[in-house]
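Peer 1: Take this structure, written in structure tokens, and hold onto it; I'll ask about it next.
Each reported figure results from applying straightforward, stated rules to the coordinates on display, with no laboratory input. Since we're looking at a predicted model, the values are computed, not measured. Cβ placement follows ideal geometry from the backbone for every residue including glycine, while neighbour counts extend to all protein chains displayed.
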Amino acid sequence: MMLSFISKQVGWEHAEDILQTAWAAVLGSIDPDHPTAVAMVWQSVRFRIVDHIRSHRDSMPLDIDPGEMIDIGDMIDGREMMAAVGDLRPHLRDATHTIADGLSHRDAGKVLGISHTAASNRRTAGLDALRARFRVQMGPE
């Protein structure tokens, strides 16, 4: 399962190395039977994927033609965005604010008094609502 996840992020040619280094780092610092060992490996994997992508950023191909990119800031000003966030249903608005605060899903769940999964779902729903609102204003792609 981990190997499949990693390969979807960075490709099979790098997945095994990332998984091996993640396990080695965790096993060097904790007993493999410790209840949080697998969670620590997942965290280590995530950090190693980010490091890999950052270190290969210039050489990884983009699926987007830079000529087709639109600067959303030219189309939507901050007041308009704040008004749109303010129009969200309260539970979506509160969850969306946690994104701007830089909170992880887990921390957002703690702040909101809900599970991290519920926080993630609400944040996604809030962003989807904002995307839909601005897509209507800007027109279809």
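Peer 1: What FRET efficiency would be calculated for the residue pair residue 16, residue 93, taking the C-beta separation as r and a Förster radius of 41 Å, to the nearest 0.05?
Peer 2: Calculated transfer efficiency: 0.40.
Peer 1: With label points built 7 Å along Cα→Cβ from the Cα atoms of residue 115 and residue 39, find their separation and express it in nm.
Peer 2: It works out to 1.4 nm between the two label points.
Peer 1: I would also like to ask the following. At 7 Å along Cα-to-Cβ for each site, give me the label-to-label distance between residue 82 and residue 54 in nm.
Peer 2: Taking the simple label geometry, residue 82 and residue 54 are separated by 3.1 nm.
Peer 1: Modelled label-to-label distance, residue 5 and residue 132, 7 Å Cα→beta-carbon offset: nm?
Peer 2: Computed distance between label sites residue 5 and residue 132 equals 2.9 nm.
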